[in-house]
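Heads up, the thing below is written out as structure tokens.
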Amino acid sequence: FRIHQQVDSTQGVVVQDRTIFEDVEIFATALHQMKQISDRDWQTYCDFYHSIIATIKPPDLMIYLKCSIRTTRKRIKIRGRKMEQNIPLSYLKRLEQLYENWIKNYKLSKIMVIETDKLDYVCDLIDRLDVMQQIELLLPKSLTRS
């Protein structure tokens, strides 16, 4: 919530890796479905979430970096975080489905879906510049370099 408040008060373009929306709509939902969050706690969490999102400005553009589970697993391996190395396939499939449902129903702002299976925007400058140009086309003109 504090990060969203800071974003709201910042001028210009702000890129945020994870949003408050994903926390509830994807990750907490998965945990609730897996019975790791009780119904009572889930309801409290959702009530809190809805009161927070009512007070924050939605993003100008929501970017969904989409890739296959195979690519996700390769990237997890490359990233090398020990705690992520044995994530069950069933959990990744659940997250993928939740992301797909969420982005399909997301209505708060423009959406840009970028297929990233064949992109390396982290290490490849050409891919990174291409993604940046695609994003700039959908941002309000007041926020772009053009």
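How much length, in nm to one decimal, is gained on full extension between Asn86 and Thr44, taken as 0.36 nm per residue of separation minus their Cα-Cα distance? Numbers along the way, then the final one.
Numbers: separation 42, 0.36 × 42 = 15.12 nm, distance 3.06 nm.
Full-extension gain reported as 12.1 nm.
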>> For a quick check of your reading of the filter: which trypsin sites (Lys or Arg not before Pro) in region 42-142 sit in a DSSP loop and have no more than 11 other Cβ atoms within 10 Å?
In response: Arg81, Lys107, Lys118
> Of Ile126, Ile135, Ile114, which has the largest mean-square fluctuation in a 10 Å C-alpha GNM of the chain?
Replying inline: Ile126
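Which value, in debye to the nearest 20, gives the size of the charge dipole of the chain about its Cα centre, when Lys and Arg are +1 and Asp and Glu are -1 at the Cβ?
So the dipole magnitude of the chain works out to roughly 400 debye.
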> Among Met112, Met34, which comes first, then next, by fewest other beta-carbon atoms within 10 Å?
Replying inline: Met34, Met112
> Dipole of the chain (Lys/Arg Cβ +1, Asp/Glu Cβ -1, origin at the Cα centre): which of Tyr99, Met62, Phe48 lies farthest to the positive side?
Replying inline: Tyr99
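Is the shape of region 71-146 rounded, prolate or oblate, going by the alpha carbon gyration tensor and its root eigenvalues a ≥ b ≥ c, with a/c under 1.5 for rounded and a/b larger than b/c for prolate?
Values: a/c = 3.03, a/b = 1.43, b/c = 2.12.
Oblate shape, in that a/c is at least 1.5 and b/c is the bigger or equal ratio.
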> Under a point spin-label approximation (7 Å from Cα along Cα-to-Cβ), what is the Gln133-Ile78 distance to one decimal in nm?
Replying inline: 2.2 nm
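Tell me the mean residue ellipticity at 222 nm calculated for the chain from its helices only (DSSP H runs of n ≥ 4, each -39500 (n - 2.57), averaged over every residue, nearest 500). Please report the intermediate quantities before stating the final value.
Details: 6 runs with 69 residues, N = 146.
It lands at -14500 deg cm²/dmol.
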>> Please rank Glu25, Glu136, fewest neighbouring Cβ atoms within 10 Å first, as an exposure proxy.
In response: Glu136, Glu25
> Classify the chain: rounded, prolate or oblate, from the alpha-carbon gyration tensor (a ≥ b ≥ c, eigenvalue square roots; a/c under 1.5 rounded; otherwise prolate if a/b is larger than b/c)?
Replying inline: oblate
> What is the count of Lys pairs in the chain whose alpha carbons sit under 23 Å apart, if the two are 8 or more places apart or on different chains?
Replying inline: 23
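Only the coordinates and a few stated rules stand behind these numbers; no lab work does. Bear in mind the structure is a predicted one, so any value in this text is a computation, not a measurement. Counting neighbours? That spans all protein chains shown, and the Cβs are built from the backbone with ideal geometry, glycine included.
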